[in-house]
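K.L.:
First the structure, which I've put down as structure tokens, then a few questions once you've had a look.
The values are calculated or read from the model by the stated rules, or taken from the named source; none is laboratory data. Bear in mind that the values here come from a model prediction, so they are computed numbers and not experimental data. Positions of Cβ are generated from backbone atoms using ideal geometry, with glycine treated the same way; all protein chains shown enter the neighbour counts. Just the protein is used for accessible areas: all its heavy atoms, side chains included, with ligands, DNA and RNA removed. Shrake-Rupley method; radii C 1.70, N 1.55, O 1.52, S 1.80 Å.
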Amino acid sequence: ASLGVPRSAISPGELRATYGRYVRPNRPLLEFLRRRRHDDSAARRYHLTLANNEARDWDAEKDRRFGHLGLCDSLSCSWLIGAAKPQPRFFTAALARLHADPAEAVLVDDNAACLDAARALGLAAHAFRGAEDLVAMLGRL
């Protein structure tokens, strides 16, 4: 009821089903991540962490549907960190989890506020424009 919706208005199963109707995977990106997972040369060049603002239950639901969590080297999700992008605390905690300095990291995101916040802390930032663009950018690392 905290969102103004009575608890009896929608069941957890109905909510998951509704979520599932609207969440669509980026299939080219998932395919790239699957290929990368088996490419030792890519794994040696960079460490890939998932840095999202997803609730734990929704990440688990998406993983059940699409298998995305195991495609990254680590997770730096807001539900693990206790802060959300674009809060500076999110980025500093993610860097600490990775034992990385800002100058060693690149944030790829589709949200300009997140990109600006990352740059303000010294991270490189790349606007996500699709799987093909991301693959090209990672190839330059």
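K.L.:
Give me the 1.4 Å probe accessible area per residue for segment 1-130, excluding ligands and nucleic acids, in Å².
P.N.:
Per residue, segment 1-130 has 63 Å² of solvent-accessible surface.
K.L.:
For Arg24 and Arg65, calculate 0.36 nm times their separation in residues minus their Cα-Cα distance, and state this gained length in nm to one decimal.
P.N.:
Length gained between Arg24 and Arg65: 13.8 nm.
K.L.:
Shifting gears a bit: Hey, what number do you get for the chain at 222 nm if only DSSP H runs of n ≥ 4 count, each worth -39500 (n - 2.57), divided across all residues, to the nearest 500?
P.N.:
Theoretical 222 nm ellipticity from helices: -14500 deg cm²/dmol.
K.L.:
What longest region of the chain stays clear of trypsin sites (Lys or Arg not before Pro) that DSSP places outside H, G, I, E and B and that have at most 16 other Cβ atoms within 10 Å?
P.N.:
Formally, the longest exposed-site-free interval is 1-128.
K.L.:
Between Asp133 and His38, what is 0.36 nm times their sequence separation minus the Cα-Cα distance? Round to one decimal in nm.
P.N.:
32.2 nm
K.L.:
Another question, then. Would you mind checking which residues have amide H under 5 Å from Leu107's amide H? H placed 1.01 Å from N; only 5 or more apart, or other chain.
P.N.:
Correct list: Ala124, Ala125, His126.
K.L.:
Using a basic spin-label model with each label point 7 Å from the Cα along Cα→Cβ, how many nm lie between Asp110 and Arg89?
P.N.:
2.7 nm
K.L.:
Here's another thing I want to ask about it. If the only charges are +1 at each Lys and Arg Cβ and -1 at each Asp and Glu Cβ, what is the size of the charge dipole of the chain around the Cα centre, to the nearest 20 debye? Could you put the intermediate results ahead of the total?
P.N.:
Details: 21 positive and 17 negative charges, 59 e Å.
The dipole magnitude comes to about 280 debye.
K.L.:
With N residues in the chain, what two-decimal value do you get for its Cα radius of gyration over 2.2 N^0.38 Å?
P.N.:
1.15
K.L.:
Return the sequence-ordered ³J(HN,Hα) values of segment 115-130 in whole Hz as given by the Karplus equation 6.51 cos²θ - 1.76 cosθ + 1.60 applied to θ = phi - 60°, using x for Gly and Pro.
P.N.:
Computed from phi, the couplings for segment 115-130 are 4, 5, 5, 5, 4, 4, 9, x, 7, 6, 9, 10, 6, 6, 10, x Hz.
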